Amino acid sequence: MATINLGNLTFTHKGDYDGSTAYVKNDVVYYSTNGNAYIAKQSTTGNVPTNATYWNQFAQGSGGIWNAGLSLGSANEILQVNSGATALEFTTKPEGKVKAVHFLSNNTRTSLSSAVNLTWLTVGSFTKTDASTILYIQGVVPEVATAADALGCWLQIGTNSDPGDNQDVHKGIVRVPTNTANHTGGTMYNMKFTGIGAGSQTLYVGQNNRDNNSDNPAIINPNNSDESRLQQTASQFTIWEIGT
């Protein structure tokens, strides 16, 4: 192949090679047959770019760089090499990546009701970046109590009403060890949410604790007033937004 000094070269980009087009010296075309770009050595019509009498190879595997048919693409598309490794093309960006991570914390000491109704804690708010993303939530709510007691546990986004038998919310049970002194426990949450819209969202945890005549209700986010060995504890949640 002839050596070309690109620094001294002026050329005209003519897009995809067309056998019916009249080309003149220094016209550059993209030849899709082999994915290379060629520059005309002299005026020519109907002579394919691989004909060394009329063309010099300008760039090897240049692909869509010289392809006049390559548009700007559409929103959220990315540029990639095609399956034949002969040109560039736009394609839908890959999904499944983490689009945002949110961290929420609340250290408000909260006494659970001794009735069957729920006591709600507003963990905090976050801004969901995309309506199509799935939320994966992991977190912990620390608790302390003086006896073995079952705590009904719920995790909800956007509402702190009693979920009843709604299976789209997290449900669980935590038990605090039996002892005459205070013992700590906690609820671990590991939950997936779909269908949550973009914009500001609030995360709530709801728990109920009905005493068994002599048992005292548990405390959410206990501190050293509940157990001398504790510092102030906090409910903490990490929320991952994953593209679908």
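Assorted remarks:
- Residue-count net charge about LEU88 - beta-carbon cut-off 14 Å; Lys, Arg +1, Asp, Glu -1: -3
- Which of TRP55, TRP240, TRP154 has the fewest Cβ neighbours within 10 Å, and the rest in rising order: TRP240, TRP154, TRP55
- Straight-line cross-link reach from LYS128 at under 22 Å between alpha-carbon atoms covers these lysines, not counting any fewer than eight positions away in the same chain: LYS93, LYS97, LYS99, LYS192.
- Within straight-line reach of LYS25, meaning a Cα separation under 28 Å, sit the following lysines at least 8 residues removed in sequence or on another chain: LYS14, LYS41.
- With K and R counted +1 and D and E -1, the other residues having a Cβ less than 9 Å from that of ALA100 yield a net charge of 0.
- Per-residue Cβ neighbour rank within 10 angstrom, fewest leading, SER43, SER235: SER43, SER235
- Placed amide H near SER113: partners under 5 Å, 5+ positions off or other chain: THR119, ASN209
- Near TRP55, once Lys and Arg are set to +1 and Asp and Glu to -1 for all other residues with Cβ below 11 Å from its Cβ, the sum equals +1.
Throughout, read-outs are computed from the coordinates displayed, never taken from laboratory work. Keep in mind that this is a model prediction, so the values were computed, not measured. Because the Cβ atoms are built from the backbone with ideal geometry, glycine has one as well, and the counts that use them run over all protein chains shown.
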